[in-house]
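Here, each number is a calculation from the coordinates, and none is a lab measurement. What you see is a predicted model; the values in this text were computed from it and never measured. Here the Cβ positions follow ideal geometry from the backbone for every residue, glycine too, while neighbour counts run over all protein chains shown.
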């Protein structure tokens with residue numbers, strides 16, 4: 001009993017000590033107003049203690065402040081009011097970094113205009129070193145740092161958060177005109193980063209892992225410069241990275257320019273995810289026309305769900321992509337010169353490009369040194385050389401379930417050019433492509449023997465049949481089983497309007513010869529390099545469906561799998577499909593696209609049998 005009482009006394013005493021410390025700390029925390037309590041921001045910092053908040057009234061404060069390692073907050077009177085932020089100015093007078101935060105603890109800089117900083121080191125506007133800082137809701141503009149981070153520099157190990165700032169008109173001689181990150185686990189989120197300049201990363205330069213989320217990174221420049229050793233710089237107009245590890249998602253990266261990587265350039269990407277970004281209107285230099293995205297090597301790299309559109313240069317250029325990497329579900333439209341270039345690691349040959357939509361670029365996709373191209377829609381691309389839709393250059397590439405339509409080449413291979421490759425194509429549509437030589441397919445190799453080419457095509461729908469392929473020198477061709485030459489019966493095949501291709505709808509209509517027209521047997525002894533069909537189609541439907549309702553489920557030819565009863569092609573069979581069929585009862589299927597879709601069993605009329613098919617498949 002005595003021991004128990006003593007334990008309660010000790011616990012009570014400990015609680016009192018903790019409570020006393022908490023009360024003491026929070027009683028000590030204070031607000032210091034500038035200029036009411038102190039005439040300058042620095043004097044307020046000098047007198048502050050950890051936990052204090054320094055509130056700066058509107059005005060221009062010509063000084064270079066240093067947090068002195070204190071865990072404090074320096075902010076305007078209302079950090080969320082842009083007019084207050086614009087009127088509350090720290091002017092560095094070109095006498096060093098405007099704000100220096102070194103060896104601090106949980107400090108914050110909020111809602112200020114930070115301008116006119118100038119330093120030979122890093123961080124013209126804000127220099128943050130070995131500090132877990134939050135830098136938010138500021139306007140950082142008109143600063144310069146020779147080493148890097150014209151606007152903001154974060155360095156040495158501790159993570160920081162850069163959020164909700166406008167970072168514009170800053171510059172550097174080296175790394176990161178807007179922002180330099182040289183510390184792991186930082187978060188750069190919801191910032192507007194615009195009109196900054198730096199030869200290595202006009203907007204952002206990353207030396208370390210970071211999360212780049214939800215930013216607008218636009219109109220930044222990575223200029224070239226001439227030095228005694230030749231030309232330098234010009235990498236990554238929007239973002240440049242050195243061996244980046246991290247996550248880039250939900251950003252708008254637009255109208256940036258650089259020699260290489262108008263939007264993004266990286267010296268080598270490792271464990272990098274680039275997801276759901278809009279990458280548009282970026283360009284290379286007049287001399288080089290480098291791609292919008294340039295990654296010279298990739299390991300554990302995932303580029304997924306991005307919209308890469310209307311760039312003034314090729315869209316994507318990735319080299320030495322290894323087997324753990326993938327390029328999937330990207331929309332690549334209207335890029336000059338080419339849509340996407342992906343080069344596999346020469347030894348592993350395992351690059352994967354799938355579920356892409358490539359329209360109206362130069363050449364659609366180049367796959368070098370092999371890999372897998374599956375579930376892609378490649379239409380309306382045009383090149384003045386070879387391979388309007390796809391160029392396969394060396395290696396042993398595999399193409400499964402692609403729709404390649406309406407592409408043009410001034411040279412060879414309007415749909416696909418196979419050059420010095422040992423390629424296999426299965427379950428693929430090749431229609432309405434044009435070229436001077438080989439409208440749908442062209443195969444050619446060179447001496448010596450390891451540059452010779454071969455192509456096997458099976459269970460595919462190729463316009464012109466075997467005659468749609470032209471076989472050049474040092475090449476062999478196998479026209480395998482299951483190939484057809486027939487109208488695929490797309491909902492809308494698209495069309496050329498002058499120099500612009502108007503994309504169509506490449507779902508299959510009822511009765512299409514592509515429905516159940518492919519082969520499930522892609523891992524046979526004749527093609528051991530193909531191991532498995534894609535699990536889903538380009539729209540996410542299961543890849544093997546009994547589309548013609550004959551009791552045997554066979555994969556379709558092309559990027560889309562046909563789901564019987566899904567009259568509106570939304571990926572499910574429900575009461576809406578029943579209503580569409582009911583409203584089309586008695587109509588001639590040729591009278592309208594809606595009636596054609598409603599003839600679910602493709603018997604030439606819209607009748608009660610079609611209603612029964614849809615009703616029988618409800619909620620499947």
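Between residue 40 and residue 270, what FRET efficiency follows from the Cβ-Cβ distance if R0 is 41 Å, with the result rounded to 0.05?
0.35
Sort 370-376, 498-504 by packing, meaning the average of other beta carbons within 10 Å per residue, with the highest value first.
Those peptides, ordered most packed to least, come out 370-376, 498-504.
Could you state the number of Å between the C-alpha centres of the stretch 35-84 and the stretch 434-493?
70
Mind ranking 358-365, 121-128, 412-419 by how tightly packed they are, going by the mean number of other C-beta atoms within 10 angstrom, highest first?
412-419, 121-128, 358-365
Using a 10 Å cut-off on Cβ atoms, rank the peptides 257-266, 588-597, 109-118, 72-81 from the highest mean neighbour count down.
So the peptides 257-266, 588-597, 109-118, 72-81, ranked by packing, come out 257-266, 109-118, 72-81, 588-597.
Starting from the 7 Å offset along Cα-to-Cβ, what nm value, one decimal, do you get for the label separation of residue 502 and residue 447?
5.1
Pairs of alpha-carbon atoms within less than 8 angstrom and 6+ residues apart define the contacts here; what relative contact order does the stretch 31-187 have, in percent?
Relative contact order, the stretch 31-187: 16 percent.
Could you tell me the extents of the chain's C-alpha atoms along the three principal axes, largest first, rounded to whole Å?
86, 77, 54
Take the Cβ-Cβ distance between residue 585 and residue 549 as r, set R0 to 25 Å, and report the resulting FRET efficiency rounded to the nearest 0.05.
0.80
Considering Cα pairs under 8 angstrom that are at least six residues apart, work out the relative contact order of the chain and quote it in whole percent. Present the calculation step by step, with values, prior to reporting the outcome.
Numbers: 2167 pairs, mean separation 28.9, N = 620.
So the answer I get is 5 percent.
Starting from the alpha-carbon convex hull of the stretch 31-187, give the projected area averaged over all orientations, in nm².
Over every viewing direction, the Cα hull of the stretch 31-187 projects on average to 7.4 nm².
Please grab the % of Cα pairs in the stretch 158-279 that end up more than 20 Å from each other.
Working: 2320 of 7381 pairs.
In whole percent, the long-distance tail amounts to 31.
Along its three principal axes, how long is the stretch 563-620 when you only count alpha carbons? Whole Å, largest extent first please.
28, 19, 17
So what's the back-of-envelope 222 nm ellipticity for the chain, counting only DSSP H runs of four-plus at -39500 (n - 2.57) apiece and dividing by all residues, rounded to 500?
Per the formula, -3000 deg cm²/dmol.
Taking Cα pairs under 8 Å and at least six residues apart, what relative contact order does the stretch 135-277 come out at, in percent? Walk me through the intermediate numbers first.
Details: 542 pairs, mean separation 25.9, N = 143.
After rounding, I find 18 percent.
Ranking 91, 577 by Cβ neighbours within 10 Å, fewest first, what do you get? Don't skip to the end; give the middle numbers.
Working: 91 18, 577 27.
Listed from fewest to most nearby Cβ atoms, that is 91, 577.
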